[in-house]
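Written out below as structure tokens is the structure these notes cover.
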Amino acid sequence: MPDPMNPAASGHHVRLGSNSGQPMTRRDGAAKVTGTATYAADNRPEGLVHAVFAGASIARGRVTFLDVAAARAHPGVIEIMTPDNRPPLHVNPDEKFHAFAWRTEALQDDTVRYAGQPIAVVIADTLEAATEGARLLAPLYASDPARIGFDQGTRYDPPAVGIGAEADFAKGDLAAGLSAAAQVTETRITTPLQYHNAMEPHAIVAEWTEDRLTLDTPNQAIVMSRNAFAQYFDIPAENVTLRSPYLGGGFGSKAIIVGPQLLAILAARMVQRPVKLVLRRDQMFGPVQHRGATQQVVRLGMEATGRLTALDHHATASTSSFDDFIEPAANASHNLYASPSIRTRHTGVRIDTGTPGSMRAPGEASGSAALECAMDEAAEALGLDPLEFRLRNYAETDPASGKRFSAKALRDCYAQAAARFGWADRPLAPGQMRDEDGLLVGWGMGTCLFPAPMFPARARAVLRADGTAVVETAGADMGQGAWTALAQIAADGVGLPIDKVVFHSGSSDQPDGGVAGGSAHTASAGGALHAAGGDAIRQLAEIAAADPDSPLFGTGNTGVTARDGRLYRSDDDSRSDSYSDIMVRAGLTELTGTGSGARDPANEERRAMFSHGAVFAEVKIDPELFQIRVTRMVGAFAAGRIINPHLATSQLTGGMIWGLSFALHEEGVHDLRTGRAMNADLAGYHVPVNADAPSVEAILVDETDPYVNALGIKGVGEIGITGTVGAIANAVWHATGKRVSSFPIHIDALMG
Amino acid sequence: MNLFDYIRPATLPEAIAAGARPGASYLAGGTALLDLMKIGVAHPGQVVDISRLPGLDRIERLDDGAIRIGALVRNADLARDPGFAAACPAVAEALLSGASAQVRNAATLAGNLMQHTRCAYFQDPHSACNRRNAGAGCDAIGGETRGHAVLGWSDACIATHPSDFAVPLVALDAVVEIAGPDGPRDMPLADFYALPDATTPGGVTLAPGELITALRLPPEAAGFAANARYVKLRERTSFAFALVSAAAMLRIEDDRIAAARVALGGVAARPWRSSAAEAALIGATPGTDIFETAADLMVKGAAASGDNGFKIALARRITTRALTLAAAGTPARMPALPASVFAPVTGTASHA
């Protein structure tokens, strides 16, 4: 039963929709487009010097010589940091001291584990001098052969995949399912190394003041990272201030601490001056994570009616030689299609790269790519329309756990996107459609799925006697619009219009906003903000109810509703009192509420929680030259309550374009002999340009999820990638009759 | 980045004197040199900024009908010059298919012609490269070679020339005007780009102090204006170097081909022409058969230099395509996606 004295829990005190639900534009937009938003590298504290790390040009071995004298002699160079003189770290960078700690390279020894690994740091008065100093180090190596690519790596059975997820899973009798099948298809898909390449490279400005450390660095998990930095340097967490008001994209690569950040802090300690270290674009291809390459095999068994009898998904994924992050691709097959038997397995391959990490939809993106291609191939084998085949295998309950879904409006997604796209007119056979210019035309589709996790998050809401409020959480705006969406929720939490609310975010001196990852930030930090507002309103209501001078005196169990800066009796709208008046009479200048984002554990136990969607894609392909263009994409997504349709649509279309990028463009190319990345810039590592995505549409499908969390919010940040990769590959098949076996899809793959 | 002196000469003679000093590099738009300096491939001791030299930014029609383009004319300005675009539409189309609007606004004619290969091994200071370091060897061979040459390469170098602009220019017999310590000289653009031989890599060789002052298109270049196209194949719709490209220009009289110019880009260390292919076209009725014959001749002698054998078939097909499009007539308006296969065959404005 809702507690009338705990409006935060009941959710009754706000009129959701007064701020949430509105398509506000980004509140930080003007600052960003006019250049006044301060990104990490824009900070220039007094006395700032510049650090540049030298990256290894071999992929495995030892550094045997650095020409420190030559570098030191370069004008402007202040200091050279090598393993010989690097100040100590309290935590060995090879230690994994919590779940989000990667083994990293911070000059702990002279070994080289991958090309591009930091092997020395040059600190200088100018960026140019530091850069040249790093070049003058001209390292010599004792090198061992590079192990790059699946064939040269060492295979092993990983104990876990992703961050602590199960490596193997089985439900039902796979062998029986396969032998009972009227048809079995096998689909093999390879995906390449992919590098996050946020527009803003990793950057840090580090400044020591005795044993206090101030860091300006883009970060997706501000308080968690603050605590970890403090551990590395053996100082109390409160001695570290980490400021990250804006991130120029994170995509998972800025959630964990990486070696270059530690090196900048060490450099600042060494030279006793503030140090800035900004990665060059080519330095993004090594020490700051990536998506591991995968080789996947999906076997599907089907009855003649089209119902799945077996789903077997095996993923082999690359990781580094010294740490484990296995792209959990096969797990994408757990929760989508209603097969009575499901088996998923993972194999790791150790190669000489940096350690992979979470890259936007880790596992879900690459796994969905293989699964959706496999589903299309199975539909073809059965002679079924790909959408019809998916509907025949629609999961009414979670296939892996058997739990009911907290909400699942996937049928609506299929129907709305298919109608908008015009899918009903699609010929079943491939190679049937041409446009007026003779280009091959193909239509394909895929289902989108993304889990709805929540991270622990806290917030504070302070009502002020002037009728305004200050609301705080250490949230992270990576461009997705947290400054706006979180402020909308916060304003609803305190029952005020958004222009009466001061929203503070992006700094470690605020309550822990959790991790901006897993598409869970709005739910987690938003839930905390809403609860904090509710806590403040609850206290205010108690004061009013106990105040004989208040029109709300004695409201007691009937409760109050908060809106536009006033409390109203829930059963009598004519009786109300303003926040200001209540606080002034009580002699309060401020009233503080706190809250945390939470999910009812009972719901977690009983329900499977996911966002769902469907993407339909049209490609046009030159019949002789095979250049591919995705001329149209339509997606429809059900993700619970949408706080800001403008931002959510932007996230979803951005995800779909990321899927396009996965399907047709992104590929980290390494020389197999040296292990060096050979396309380590944005001229070589392609992401789509506007002309590649002329028409991308995302439909927001109504969905009420009463179980996922108090506000009914699920994520929209990553789901758009899933489904899309397969939809494009399936459209390429529909245009050409060719099944692709590797991403990105190259022209020569279609020529044969 | 190394320390360097920045010199901004006021006159051409001053520029030549400054540029003749050892370790000097000329700077104009900066879109190529600065990138190479940042990645540690170029280390000039003196950067000689010629971007403000007077008199090098004009597009002129000479008395004999030739077109003379100053070295400092920006790519965007040339492509959008109505007179030039009307006379040499394939050149304008090639220019607009290259790089991005921002780069085209900065990049100059001479800088475009002088740009280095985009071979990843040339751009990686840790790889052996004969272009960077004579006699070092070529690490591209046996490496990642999807984009490398299939014509005119040698064991010394398998790099391609990356310019789109130069492809129709070579086809039109453009001439480079060069100034230097020993006075001015002219050189056909085709010869300006040396092919590699058994021991020497391909590329541009200018004597110390020499610089391009202008490019001249001969009077007959404008004779192809009615049937001129550039087609560029790439795996991103814009802002990508060509996997292969082709310029095709025809002069059609009485339904027969009176003159033909064809060049391929992305396949060799220079834009690739074939006198046999052009000769085969002359006198023929435009059509698929003769275009395919010409295309076969264009790639005669082609061989994979690595994992790039598919480029030979693509080079043949894009030649046929470019000839087909040229025969259909220069579009009335520049396609919205210049040189793209997604620009409709009819050549009318394309916007998805």
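The values are calculated or read from the model by the stated rules, or taken from the named source; none is laboratory data. Treat the numbers as computed from the prediction; the structure is a model and nothing was measured. Reconstructed Cβ throughout: ideal geometry from the backbone, glycine too, with neighbour counts over all protein chains shown.
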Residue in the range A:163-170 that is of a type in the set (V, I, T) and within 14 Å of chain B (Cβ to nearest Cβ) present: no
In the range B:1-18, residue nearest to the other protein chains (Cβ to nearest Cβ) [restricted to those that are surrounded by fewer than 15 Cβ atoms within 10 Å (Cβ to Cβ) and part of a loop (DSSP other than H, G, I, E, B)]: B:L3
Looking only at the range A:661-672, and only at residues there that are more than 7 Å from every other protein chain (Cβ to nearest Cβ) and in a loop (DSSP other than H, G, I, E, B), the one that is farthest from A:A638 (Cα to Cα): A:L672
Residue in the range A:693-708 that is out of contact with any Lys or Arg (no Cβ under 6 Å at 6 or more places or on another chain), within 14 Å of chain B (Cβ to nearest Cβ), free of Cβ contacts under 8 Å to residues at least 24 places away in the same chain and not charged (D, E, K, R) present: no
Residue count, the range B:296-324 (criterion: within 14 Å of chain A (Cβ to nearest Cβ), of a type outside the set (S, T, N, Q) and crowded, with 24+ Cβ neighbours inside 10 Å): 6
Some residue of the range B:185-204 being at pLDDT 95 or above, more than 19 Å from the chain's Cα centre (by Cα), of a type in the set (A, V, I, L, M, F, W, C) and not assigned by TED's automatic domain parsing to the domain that holds B:P22: yes
Residue match in the range A:139-151 (condition: among the basic types (K, R), more than 31 Å from the chain's Cα centre (by Cα) and modelled with pLDDT of 95 or more): no
Failed condition for B:L56, given (1) in contact with a Gly (Cβ under 8 Å, 6 or more places away or on another chain); (2) surrounded by fewer than 18 Cβ atoms within 10 Å (Cβ to Cβ); (3) of a type in the set (A, V, I, L, M, F, W, C): (2)
First in the range A:69-88 and among the acidic types (D, E), second anywhere and modelled with pLDDT of 95 or more and surrounded by 15 or more Cβ atoms within 10 Å (Cβ to Cβ), Cβ under 7 Å, 6 or more apart: A:E79/A:I123; A:E79/A:M270; A:E79/A:V271
Residue that is farthest from the other protein chains (Cβ to nearest Cβ) [pool: residues in the range B:221-241 that are part of a loop (DSSP other than H, G, I, E, B) and touching a Ser or Thr at 6+ places or on another chain (Cβ under 8 Å)]: B:A225
In the range B:26-45, the residues that are more than 13 Å from every other protein chain (Cβ to nearest Cβ) and surrounded by fewer than 17 Cβ atoms within 10 Å (Cβ to Cβ): B:G30
The one condition in (1) under 30 Å from B:A246 (Cα atoms); (2) in contact (Cβ under 8 Å) with a residue 12 or more places away in the chain that B:L34 fails to fulfil: (2)
The range A:518-546 residues that are on the phi > 0 side of the Ramachandran plot, paired with ones that are among the β-branched types (V, I, T) and crowded, with 24+ Cβ neighbours inside 10 Å (beta carbon under 9 Å, 6 or more apart): A:S519/A:V716; A:S519/A:I719
All positions within the range B:228-249 that are under 20 Å from B:L95 (Cβ atoms) and surrounded by fewer than 24 Cβ atoms within 10 Å (Cβ to Cβ): B:R234, B:R236, B:T237, B:S238, B:F239, B:A240, B:F241
Selected residue (only one of A:L700, A:L660 is touching a helix residue (DSSP H, G or I) at 6+ places or on another chain (Cβ under 8 Å) and crowded, with 21+ Cβ neighbours inside 10 Å): A:L660
Options A:A73, A:A99: the member that is closer than 14 Å to B:N2 by Cβ and out of contact with any Asp or Glu (no Cβ under 6 Å at 6 or more places or on another chain): A:A73
Scan of the range A:213-254 for residues that are within 15 Å of A:G479 (Cα to Cα), surrounded by fewer than 22 Cβ atoms within 10 Å (Cβ to Cβ) and touching a strand residue (DSSP E or B) at 6+ places or on another chain (Cβ under 8 Å), ordered by number: A:P245
Residue pairs meeting the criteria (Cβ under 6 Å; at least 6 apart or on separate chains; first within 14 Å of chain B (Cβ to nearest Cβ), in the range A:598-623; second among the charged types (D, E, K, R)): A:E618/A:R632; A:K620/A:R629
Qualifying residue in the range A:454-469 (condition: assigned by TED's automatic domain parsing to the domain that holds A:A586, without any contact (Cβ under 8 Å) to a residue 40 or more places away in the chain and surrounded by fewer than 24 Cβ atoms within 10 Å (Cβ to Cβ)): yes
Elements of type helices (runs of 4 or more DSSP H) in the range A:1-74, at least 1 residues being within 14 Å of chain B (Cβ to nearest Cβ) and either in contact with a helix residue (DSSP H, G or I) (Cβ under 9 Å, 6 or more places away or on another chain) or at pLDDT below 95 (or both): A:68-73
Selection count, the range B:116-144, where residues are surrounded by fewer than 20 Cβ atoms within 10 Å (Cβ to Cβ) and more than 10 Å from every other protein chain (Cβ to nearest Cβ): 8
Residue within the range B:208-220 that is assigned to a loop (DSSP other than H, G, I, E, B), closer than 30 Å to B:A258 by Cβ, in contact with an Asp or Glu (Cβ under 7 Å, 6 or more places away or on another chain) and assigned by TED's automatic domain parsing to the domain that holds B:A269 present: no
